[in-house]
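Structure record follows, encoded as structure tokens.
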Amino acid sequence: MSEYRAVVVGAGGISDAWFNPLKEEKVQVAAVVDLNLERAQGQIAKYQLDCPAQTDLRAALRKMRPDFIVDLTVPEAHCAVTCTALRAGCHVIGEKPMAATMAQARSMIRAADKAGRLYMVSQSRRWYPLHDVIRRSVAAGVIGTVTTVNCDFYIGAHFGGFRDQMPSPLILDMAIHHFDLARALTGTDPLAVYARQFNPAGSWYAGEAAASCIFEMTNNVQFTYRGSWCSEGCHTSWNGNWRIVGTAGSLLYENDQPPVAQVVAGDSGFNRPLRNAELPAPTLPHSTMHGALCEMLDFLRTGRRPQTECHDNIHSLAMVFAAIDSSRKGRRITIRL
């Protein structure tokens, strides 16, 4: 017998990353809801689910009374779907980004608080084993106190479709991953940003597909981000290439290879002698969406709140909109929730 029941809302391509983890964790999918009934039926058949396909979320919630919903809709629908589920007494785990605007994000937090229910965002890159290694290394002080974080992201991405017409495709659709990862790896939150978006010559995007950002973070940490979705050749990984500098050494994470760190091993010489630091082994049992789902299930069992619950994740969303605002206004922007 299944321990928990869930309704999946949204049967698009991203749902392929969710149905197997739901089945593996023995969550009963009570219904799949999508405006396109045939699409929902197709996913039910593909994953051999014993549940109905529906187009009416409210009706599905009334009939199925799930413990939580999985919101896999487009960002513009996140607020309506999540608030509907919260008001119906359901917990919610949803895809990033949290919302299409900061005003929507705030209303979602208010809805969760009023309902006394959990709303968490699946920032899938937090549940990468190597990212957890970096986070634990930084938290343990392997490189001392962190002062500086750099992330470079360069990929020539020929998507076609809606991204080619977005006004801020890189910042809106991709950089949320890197911004949230900077917070996760260092345990810091954003205070202010100076950013410039631009669209390089030769770009196939209508909007601004490249950006440079300087974030001021808590604990006197500076986070710099350079990225482009129209950079051909010498690509980084989708996770970006990272350098984290601390008072005792530096850590590098590049091309999805295991991170390496060097720390000071003496107190004399023009360049201080260095030694390679030993980093902990990966321990995450499940990665990406499966890891996020496990944190939701752990909350249901123990009450332990997930790391990306809405009160926390709004900090990452705020970085996105503050960077866009800074670029438009041409000045430093204080980040407010």
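Kindly indicate the residue of the stretch 1-22 that is within 21 Å of the chain's Cα centre (by Cα) and not in a helix (DSSP H, G or I) and also modelled with the lowest pLDDT among those meeting that condition. For the stretch 1-22, the residue satisfying everything is Gly12. For the stretch 23-42, a tally of residues being buried (at least 23 other Cβ atoms within 10 Å of the Cβ) and part of a helix (DSSP H, G or I) returns 1. For Ser326, the test of being of a type in the set (S, T, N, Q), part of a helix (DSSP H, G or I) and not assigned by TED's automatic domain parsing to the domain that holds Ser15 is passed.
Surrounded by fewer than 20 Cβ atoms within 10 Å (Cβ to Cβ) and aliphatic (A, V, I, L, M), is that true of Val9? Please lay out each step first, then the result.
On the way: surrounded by fewer than 20 Cβ atoms within 10 Å (Cβ to Cβ): no; aliphatic (A, V, I, L, M): yes.
It is false that Val9 is surrounded by fewer than 20 Cβ atoms within 10 Å (Cβ to Cβ) and aliphatic (A, V, I, L, M).
Comparison of Ala99, Ala103, Ala77 shows that the only residue that is within 20 Å of Asp173 (Cβ to Cβ), part of a loop (DSSP other than H, G, I, E, B) and either out of contact with any Asp or Glu (no Cβ under 7 Å at 6 or more places or on another chain) or not assigned by TED's automatic domain parsing to the domain that holds Lys23 (or both) is Ala99.
Within the stretch 133-151, the set of residues being touching a helix residue (DSSP H, G or I) at 6+ places or on another chain (Cβ under 8 Å) and either more than 18 Å from Asp189 (Cβ to Cβ) or in a strand (DSSP E or B) (or both) comprises Ile143, Val146, Thr147, Val149, Cys151.
Within the stretch 152-170, take every residue that is of a type outside the set (A, V, I, L, M) and in a helix (DSSP H, G or I) and give me the one that is surrounded by the fewest Cβ atoms within 10 Å (Cβ to Cβ). Walk me through it before giving the result.
First, the residues of the stretch 152-170 that are of a type outside the set (A, V, I, L, M): 152-154, 156, 158-165, 167-169.
Retained after the next criterion (residues that are in a helix (DSSP H, G or I)): 161-165, 169.
Numbers: Gly161: 7, Phe162: 10, Arg163: 19, Asp164: 17, Gln165: 10, Pro169: 26.
Only one residue fits best here, namely Gly161.
Among the residues of the stretch 137-151, those that are buried (at least 18 other Cβ atoms within 10 Å of the Cβ), out of contact with any His (no Cβ under 8 Å at 6 or more places or on another chain) and hydrophobic (A, V, I, L, M, F, W, C) comprise Val138, Val142, Ile143, Val146, Val149. Report yes if Ser268 is within 24 Å of the chain's Cα centre (by Cα) and among the polar types (S, T, N, Q), otherwise no. Considered against the rule, which asks whether it is within 24 Å of the chain's Cα centre (by Cα) and among the polar types (S, T, N, Q), Ser268 comes out as no. Annotation note: of Ile134, Ile69, Ile109, the sole residue that is under 30 Å from Leu279 (Cβ atoms) and either in contact with a strand residue (DSSP E or B) (Cβ under 9 Å, 6 or more places away or on another chain) or surrounded by fewer than 22 Cβ atoms within 10 Å (Cβ to Cβ) (or both) is Ile134.
Here is a check on your reading of the model: is Gly156 at pLDDT 95 or above and at positive phi?
Values: at pLDDT 95 or above: yes; at positive phi: no.
Taking the combined requirement at face value, the residue does not satisfy it.
Of the residues making up the stretch 235-247, those that are surrounded by 15 or more Cβ atoms within 10 Å (Cβ to Cβ) and either free of Cβ contacts under 8 Å to residues at least 12 places away in the same chain or more than 21 Å from Ile171 (Cα to Cα) (or both) are Ile244, Val245, Gly246. In the stretch 273-298, of all residues being without any contact (Cβ under 8 Å) to a residue 12 or more places away in the chain and more than 25 Å from Asp256 (Cβ to Cβ), the one that is surrounded by the most Cβ atoms within 10 Å (Cβ to Cβ) corresponds to Asp298.
Kindly provide the set of residues from the stretch 171-216 that are charged (D, E, K, R) and either at pLDDT 95 or above or within 22 Å of Ala140 (Cα to Cα) (or both), ordered by number. Outline the logic, then answer.
Step one: filter the stretch 171-216 for residues charged (D, E, K, R), giving 173, 180, 183, 189, 196, 208, 216.
Result: Asp180, Arg183, Asp189, Arg196, Glu208, Glu216.
Do any strands (runs of 3 or more DSSP E) lying entirely in the stretch 197-310 carry at least 3 residues that are in contact with a Cys (Cβ under 9 Å, 6 or more places away or on another chain) and more than 26 Å from Gly94 (Cα to Cα), and which ones are they? Write out each step before concluding.
Numbers: elements: 210-217, 222-228, 241-246, 249-253, 260-264, 274-276.
Here the list reads 222-228, 241-246.
Yes or no: the stretch 85-92 includes at least one residue that is buried (at least 20 other Cβ atoms within 10 Å of the Cβ), of a type in the set (Val, Ile, Thr) and either farther than 21 Å from Phe299 by Cα or in the same structural domain as Phe162 (by TED's automatic domain parsing) (or both). Give the steps one after another, and end with the answer.
Going residue by residue through the stretch 85-92, those that are buried (at least 20 other Cβ atoms within 10 Å of the Cβ) are 85-86, 90-92.
Those still in the list that are of a type in the set (Val, Ile, Thr) too: 92.
From what's left, either farther than 21 Å from Phe299 by Cα or in the same structural domain as Phe162 (by TED's automatic domain parsing) (or both): none.
No, that holds for no residue.
Sort out which residues of the stretch 299-337 are within 18 Å of Thr188 (Cβ to Cβ), touching a residue at least 12 places away in the same chain (Cβ under 8 Å) and of a type in the set (D, E, K, R), and write them in order of number.
From the stretch 299-337, those within 18 Å of Thr188 (Cβ to Cβ) are 307-309, 311-320, 322-323, 332-337; that's our starting set.
If we keep only those that are touching a residue at least 12 places away in the same chain (Cβ under 8 Å) too, we end up with 307-309, 311, 313-320, 322-323, 332-337.
Of everything in the stretch 299-337, those that are within 18 Å of Thr188 (Cβ to Cβ), touching a residue at least 12 places away in the same chain (Cβ under 8 Å) and of a type in the set (D, E, K, R) turn out to be Glu309, Arg332, Arg336.
Condition test on Gly330, is it loosely packed, with under 13 Cβ neighbours inside 10 Å, in contact with a strand residue (DSSP E or B) (Cβ under 9 Å, 6 or more places away or on another chain) and at positive phi? Against the criterion (loosely packed, with under 13 Cβ neighbours inside 10 Å, in contact with a strand residue (DSSP E or B) (Cβ under 9 Å, 6 or more places away or on another chain) and at positive phi), Gly330 qualifies.
The values are calculated or read from the model by the stated rules, or taken from the named source; none is laboratory data. Since the model is a prediction, treat every value here as computed from it, not as a measurement. Cβ atoms come from the backbone with ideal geometry, glycine included; neighbour counts cover every protein chain shown.
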